[in-house]
Number of protein chains: 2
Amino acid sequence: MSSMQPRLLEVRKNVLKQNDIMARVLRERFRAQGTFVVSLVSSPGTGKTTLLENILCLLRGQFRVAALVGDLATENDAARLARSQAPVKQITTGTLCHLEAAMVQNALEGWDTGPLDFLFIENVGNLVCPSSYDLGENLRFVLLSVTEGEDKPLKYPTIFNSADVAVITKLDLAAATEFNIPIALANIQAVRPGMKVFQVSAKSGAGMAEFIHFLSEQRSALRSAVAI
Amino acid sequence: MSSMQPRLLEVRKNVLKQNDIMARVLRERFRAQGTFVVSLVSSPGTGKTTLLENILCLLRGQFRVAALVGDLATENDAARLARSQAPVKQITTGTLCHLEAAMVQNALEGWDTGPLDFLFIENVGNLVCPSSYDLGENLRFVLLSVTEGEDKPLKYPTIFNSADVAVITKLDLAAATEFNIPIALANIQAVRPGMKVFQVSAKSGAGMAEFIHFLSEQRSALRSAVAI
């Protein structure tokens, strides 16, 4: 087994390098057209699609929004997100445990994303693989649901390190699951000191207004920076 | 990107072939010493460690049991499982999203597993990567918690197909999460017709007696088959 590792690492390095080149192309395209791009990563079942459905609904009145959503199989998530009336495209990855920049590029082909204010990218449910792949996004959110336990940042440090902002989801279930919020926050800070953390419930709406305000502010901040 | 794929696939095929050879060595060793080996796969936070802690406690009176537990980082799970008084070893995988047969082999080195009746292997929390790696186990359980949603079998068909038995966990939270059990069961059967499914709550103990009885029966069945 060990004799295979160097060759595998070398190939993996090349794949990642190719991905970085493509991500740079995407990032330049999004910057030029003024589209703010946000990606979401988490375990399966953390609530990425439900949160995203709420985000699309809440932003849609004021902004032009769209979403790309990755899964190994099924177009269930795209169908759910389409209820928000925002344009949505599904990317099915087959057996791959993450999205890559080239898949985002392919999905955008023939789609006029120029007028978009926000593009959201929901990654495959996975706390390991997506961390290595830059998708050209402006911000990456890592989600952690109260049903998963407080220890996940310590057990999956790389994905928390590769993300910009953490979101604790399913806050309405915190009591039923005996989730200890101070411990979870301490674990996030232990892995990534200073990381901004939101606490939301897409079901009750708790924390959503603050979260939406943050998104809108981040977009404005970037646009001013680019204008200067 | 696409030019890299054939080389990557070729290397990956070799890695998997090496893994299968090592898994066969492990399986032969376990068979010869009469150890029944069970592995657990699921998303992060589905409750593998809690279920395994209960299994070890419930089997320990009657059988010699031990566990190996895989994680990217931390030895938290091994510490939790050690409370069951059973021998436990942690395997930390670094950035790898799954266990491989060679890691199991390394972890067993210098450990006299000969007298063991049961060895449990808890994989890294991941619904994608572990599906391709045979660990020499007799039975592979895939866990699905009620907090993750009913659609996971459809979205991660490969891991459900590579497992032998499904276990729905955190049954005590089914009402709070509005989990629809008949839909979940139908989705499991759609992906893998005839798959045996247990429904348990490690917290309330619901379904645990039946589950433990099944493990003990499976071990006896294999031993009789080997004896013939």
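The values are calculated or read from the model by the stated rules, or taken from the named source; none is laboratory data. Since we're looking at a predicted model, the values are computed, not measured. Cβ: placed from backbone, ideal geometry, glycine included. Neighbour counts: every protein chain shown.
Here are a few things to note about the model shown:
- Selection status of A:Glu150, without any contact (Cβ under 8 Å) to a residue 60 or more places away in the chain, buried (at least 17 other Cβ atoms within 10 Å of the Cβ) and of a type in the set (D, E, K, R): yes
- Residue in segment A:99-106 that is over 19 Å from A:Arg140 (Cβ atoms), more than 14 Å from the chain's Cα centre (by Cα) and not in a strand (DSSP E or B) present: yes
- Per the conditions (1) hydroxyl-bearing (Ser, Thr, Tyr); (2) within 12 Å of another protein chain (Cβ to nearest Cβ); (3) surrounded by fewer than 19 Cβ atoms within 10 Å (Cβ to Cβ), the sole criterion not satisfied by A:Ser131 is (3).
- Some residue of segment A:195-202 being loosely packed, with under 12 Cβ neighbours inside 10 Å and on the phi < 0 side of the Ramachandran plot: no
- Of the listed requirements (1) more than 30 Å from B:Thr74 (Cβ to Cβ); (2) away from chain B (no Cβ under 14 Å), A:Ile121 misses just one: (1).
- Every condition in (1) away from chain B (no Cβ under 14 Å); (2) over 12 Å from the mean Cα position of the chain (by Cα) is met by A:Glu150 except one, and the failing one is (1).
Each row is one residue, and each column tells you yes or no for (1) in contact (Cβ under 8 Å) with a residue 24 or more places away in the chain; (2) more than 14 Å from chain A (Cβ to nearest Cβ).
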position: B:Asp71; (1), (2): yes, no
position: B:Glu75; (1), (2): no, no
position: B:Arg80; (1), (2): yes, no
position: B:Ala86; (1), (2): yes, yes
position: B:Lys89; (1), (2): no, yes
position: B:Ala101; (1), (2): yes, no
position: B:Asp112; (1), (2): no, yes
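- All positions within segment B:110-167 that are assigned to a strand (DSSP E or B), of a type outside the set (A, V, I, L, M, F, W, C) and over 25 Å from B:Lys13 (Cα atoms): B:Ser145
- A single member of B:Asn106, B:Asn138 is farther than 24 Å from A:Asn161 by Cα and without any contact (Cβ under 8 Å) to a residue 24 or more places away in the chain, and it is B:Asn106.
- Meets criteria (modelled with pLDDT of 95 or more, assigned to a helix (DSSP H, G or I) and of a type outside the set (Gly, Ala, Ser)) for B:Val25: yes
- No other residue among B:Leu81, B:Leu143, B:Leu116 is more than 24 Å from B:Gln18 (Cα to Cα), among the hydrophobic types (A, V, I, L, M, F, W, C) and more than 17 Å from the chain's Cα centre (by Cα) apart from B:Leu116.
- For A:Ala67, the stated conditions hold: it is more than 14 Å from every other protein chain (Cβ to nearest Cβ), within 18 Å of the chain's Cα centre (by Cα) and either assigned to a loop (DSSP other than H, G, I, E, B) or surrounded by 20 or more Cβ atoms within 10 Å (Cβ to Cβ) (or both).
- Condition met for A:Thr177 (of a type outside the set (A, V, I, L, M), farther than 23 Å from B:Cys97 by Cβ and facing chain B (nearest Cβ under 8 Å)): yes
- Qualifying residue in segment B:43-55 (condition: more than 10 Å from every other protein chain (Cβ to nearest Cβ), surrounded by fewer than 16 Cβ atoms within 10 Å (Cβ to Cβ), in contact with a helix residue (DSSP H, G or I) (Cβ under 8 Å, 6 or more places away or on another chain) and on the phi < 0 side of the Ramachandran plot): no
- Test result for B:Asn138, of a type in the set (S, T, N, Q), under 14 Å from B:Arg29 (Cβ atoms), within 14 Å of chain A (Cβ to nearest Cβ) and surrounded by fewer than 21 Cβ atoms within 10 Å (Cβ to Cβ): no
- Filter pass, A:Leu171 being within 30 Å of B:Val146 (Cβ to Cβ), surrounded by fewer than 23 Cβ atoms within 10 Å (Cβ to Cβ) and within 14 Å of chain B (Cβ to nearest Cβ): yes
- The residue that is surrounded by the fewest Cβ atoms within 10 Å (Cβ to Cβ), counting only those in segment A:110-126 that are of a type outside the set (S, T, N, Q) and modelled with pLDDT under 95, is A:Gly110.
- Filtering segment A:174-214 to residues that are without any contact (Cβ under 8 Å) to a residue 12 or more places away in the chain and touching a helix residue (DSSP H, G or I) at 6+ places or on another chain (Cβ under 7 Å) leaves only A:Ala176.
- Of all residues making up segment A:35-61, the number that are part of a loop (DSSP other than H, G, I, E, B) and modelled with pLDDT of 95 or more: 7
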